[in-house]
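Laboratory data are not the source of any read-out in this text; all were calculated from the coordinates shown. Everything quoted here is computed from the prediction, not taken from an experiment. Backbone-built Cβ (ideal geometry, glycine too); neighbour counts: all protein chains shown.
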Amino acid sequence: DAGITQSPRHKVTETGTPVTLRCHQTENHRYMYWYRQDPGHGLRLIHYSYGVKDTDKGEVSDGYSVSRSKTEDFLLTLESATSSQTSVYFCAIRSDPNSYEQYFGPGTRLTVT
Amino acid sequence: DQQVKQNSPSLSVQEGRISILNCDYTNSMFDYFLWYKKYPAEGPTFLISISSIKDKNEDGRFTVFLNKSAKHLSLHIVPSQPGDSAVYFCAASSFLAGGTSYGKLTFGQGTILTVHP
């Protein structure tokens, strides 16, 4: 258990509304990541963070923004949700900066109607 | 462009037999490879990994083989058990020039493994 929680676990929202997903970790890991999982695509990196206020874009960052004001929290915001952002979102941490292994949270299922 | 590909969407195996899951990659800069297992409604869990300086890594029933010339890796599960039924993802990463690594992973599409009793 890497001490990662995600909230909310499920959310239904309407097109055009803003949505913020939260990832919280309890072990002060430097690296944090947001992925989305879609059928036929596996997991795709949205944004990542390598420290407080240090973030960068991943493979599918359009329509998403992130913030990391504290080590323990990494927020993913959909400024104006679209139906194409219906997905399962996973947060991950990298516990050892000398290895590549990442450990994932339980996920948030987001439905945009 | 899919840099990591798992061309078999599903695999069905009898309990006790070997399961072989395959993964191909196109980016020659990848130097570390990982396998994850995912059950429904849970996050992926790390299973086993291999560095590009090796061609085999073993952990209990799980063995990963890397063929760099073919840009191919495979995960062998022996013997397969019903509890191994899950989606398996392979992933790859690389150091940036100069040795910097943000640890970004590129995943394949996943293979659904079903182990029948």
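The range A:1-59 to the range B:1-24: how many Å between their Cα centroids? What the calculation gives is 27 Å, centre to centre. Given a Förster distance of 22 angstrom, what is the FRET efficiency for B:GLU42 paired with A:ASP96, based on the Cβ-Cβ distance and rounded to 0.05? Efficiency for this residue pair is about 0.50. The residues neighbouring A:ARG68, those whose beta-carbon lies less than 13 Å from its own, together hold a net charge of 0 under the Lys/Arg +1, Asp/Glu -1 convention. Take the residue pairs A:LYS57/B:LYS71; A:LYS70/B:LYS5; A:LYS53/B:LYS71; A:LYS57/B:LYS68; A:LYS53/B:LYS104 and return only those whose Cα atoms are more than 25 Å apart. Table pairs above 25 Å Cα-Cα are A:LYS57/B:LYS71; A:LYS70/B:LYS5; A:LYS53/B:LYS71; A:LYS57/B:LYS68.
By the rule of a C-alpha distance below 15 Å, with chain neighbours fewer than 8 residues away ignored, the aspartates and glutamates paired with B:LYS56 are B:ASP31.
Compute a Gaussian network model of chain A, connecting alpha carbons closer than 10 Å, and tell me which residue from A:SER61, A:SER84, A:SER99 fluctuates the most. Result: A:SER99 has the largest fluctuation of those listed.
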